[in-house]
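Working notes for the structure below.
The values are calculated or read from the model by the stated rules, or taken from the named source; none is laboratory data. Keep in mind that what you see is a predicted model, and the values were worked out from it rather than measured. Glycine gets a Cβ as well: all are built from the backbone with ideal geometry, and neighbour counts include every protein chain shown.
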Amino acid sequence: MSQRIQAPRGTNDVLPKVAAKWAQLEATAAKILARAGYGRIETPMFEATHLFSRTVGEATDVVQKEMYTFQDNGGDSLTLRPEGTAPVVRSYLEHGMHKEPQPVKLWYLSHFFRYERPQAGRYRQFAQVGIEAIGSEDPAVDAECILLLGELLDALGARDTKLVLATLGQPASRAAYREELQAYLRAHEGELSREVVDRIDLNPLRAFDAKHESTQRVMAGAPRLIDRLPQDDLDHFEEVKALLDAADMPYEIDTTLVRGLDYYTRTLFEYQSGALEAAQNTLGGGGRYDNLAEQIGGPHIPGMGWAAGVERMIMASTLPPPADLPVDLYIAYEPGHKAPAFRLASDARRAGHGTRLELAGRSLKGQLKQASRSGARYVAIFGDEGVQLRDREGGEDKLVAPDTVMHHIRGQL
Ligand code: HAM
């Protein structure tokens, strides 16, 4: 026997019980986002590789290690989308959406692909619900976006969530700050953990998360990005916070919050859940990306958005299992009566009734067992004398003509 083929590592089969939760999540998102004026968008599953390397960033893990990049038969370098923001901005530019009233509000529920080390809550193919509000830098856009993800998580019954907020300013302030922080860390090398020292060049911000005691003492006195931002960026952030306060939305400020994508400017946020393991406890997050359109050859068009993992939201939520559609009619038959039974099943479904027909050649006794297991209100048994119709909610069995079964049940259901 040849080896049995299994699903690729880091992918999931979504079986019916969980798929029903996906459908609920989708309907909930559609309702909440439509109320806020978002229209749905679906972009292609693959894009030109440059779209991601220029925006997500050449130096990020996503671009360096995680992209599914391939050359098609025409020799073009294409990449399975690792995220949705760059494609949506590409589409905005391509379709001249700057001519519409701004901001243009778009949402998606799509699959994304990253070659990551698979673990619970981290997959190589995963789905996100996301929104992008493109064409305005008003802080009200930021606050509204942030509230919408909070509303979605509440509606799904996501457990133990908290909103974490930060601001990044512009790339130039960030680069200057990074150099200052690196110099500070080098000046204190003797007091830092080996791990932190090893990462001074690559990721100096990580030092803020260190558990090492003397490192923590050093970091308490380290310069913070927020103290190095120009006034207009600080004012923008103050207004975002004031609007969240006005909406009674609690948040925590984390001046060292980092996300794995380079395109962010100004507002950055995420919702974390205590119901998930620490390494994958981010349900969703996003921020502002005011330079992204320019990075892909467009004019300066500010934008703001977020994405939240569908698998993670379902794991952290208390969505009740959806009720099954009731079975109205179960059709059983004795040998030789398959065709009229089949015909009734087809008519009953077209008339809108939940209907089941024997499909596996069971004996009549076996069929009746299935009928009661299905919870069907009516059971129609096709036999030589006609159709015996049983109302499982009481009353005598009736013998009726095959073409009157629909008539008999219609008035009752
Ligand atoms: P992200 O932080 O890379 O942002 O992903 C957002 C969310 O997608 C994560 O918080 C997580 O729930 C889920 N996610 C990401 N990677 C995986 C994975 N490998 N397996 C399972 N779930 C995953 C973005 O993608 C940005 N495009 C968000 C955004 C929109 N920023 C502005 N607009």
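Before we move on, is Ala59 exposed (fewer than 15 other Cβ atoms within 10 Å of the Cβ), more than 14 Å from the ligand (Cβ to nearest atom) and either part of a strand (DSSP E or B) or of a type in the set (A, V, I, L, M, F, W, C) (or both)? It is true that Ala59 is exposed (fewer than 15 other Cβ atoms within 10 Å of the Cβ), more than 14 Å from the ligand (Cβ to nearest atom) and either part of a strand (DSSP E or B) or of a type in the set (A, V, I, L, M, F, W, C) (or both). When the stretch 281-305 is limited to residues that are closer than 19 Å to Gly157 by Cβ and not hydroxyl-bearing (Ser, Thr, Tyr), the one that is modelled with the lowest pLDDT turns out to be Asn281. Within the stretch 128-140, restricting attention to residues that are surrounded by fewer than 24 Cβ atoms within 10 Å (Cβ to Cβ) and more than 7 Å from the ligand (Cβ to nearest atom), the residue that is farthest from Glu238 (Cα to Cα) is Gly135. Among residues of the stretch 127-146 that are on the phi < 0 side of the Ramachandran plot, those with a beta-carbon under 9 Å from a residue that is assigned to a loop (DSSP other than H, G, I, E, B) and within 11 Å of the ligand (Cβ to nearest atom) at least six positions away or on a different chain give the pairs Gln128/Glu83; Gln128/Gly84; Gly130/Glu83; Gly130/Gly84; Glu132/Gly84; Glu132/Tyr289. Taking the stretch 1-14 as the range and being exposed (fewer than 13 other Cβ atoms within 10 Å of the Cβ) and either at pLDDT 95 or above or within 21 Å of Phe113 (Cβ to Cβ) (or both) as the test, the residues that pass are Arg4, Ile5, Gln6, Ala7, Pro8, Arg9, Asp13. Among the residues of the stretch 285-312, the one identified as more than 11 Å from the ligand (Cβ to nearest atom), touching a residue at least 40 places away in the same chain (Cβ under 8 Å) and charged (D, E, K, R) is Asp290. Looking at Val400, is it among the hydrophobic types (A, V, I, L, M, F, W, C), farther than 17 Å from Pro326 by Cα and surrounded by fewer than 20 Cβ atoms within 10 Å (Cβ to Cβ)? Criteria met by Val400.
Just a yes or no: is a residue in the stretch 112-121 within 10 Å of the ligand (Cβ to nearest atom), of a type in the set (Gly, Ala, Ser) and assigned to a helix (DSSP H, G or I)? Within the stretch 112-121, none of the residues are within 10 Å of the ligand (Cβ to nearest atom), of a type in the set (Gly, Ala, Ser) and assigned to a helix (DSSP H, G or I). Against the conditions (1) touching a Gly at 6+ places or on another chain (Cβ under 7 Å); (2) surrounded by 19 or more Cβ atoms within 10 Å (Cβ to Cβ); (3) part of a loop (DSSP other than H, G, I, E, B), Glu83 satisfies every one except (1). Quick check on the stretch 8-26. Is at least one of its residues more than 14 Å from the ligand (Cβ to nearest atom) and touching a strand residue (DSSP E or B) at 6+ places or on another chain (Cβ under 7 Å)? Yes, there is a match, as at least one residue in the stretch 8-26 is more than 14 Å from the ligand (Cβ to nearest atom) and touching a strand residue (DSSP E or B) at 6+ places or on another chain (Cβ under 7 Å).
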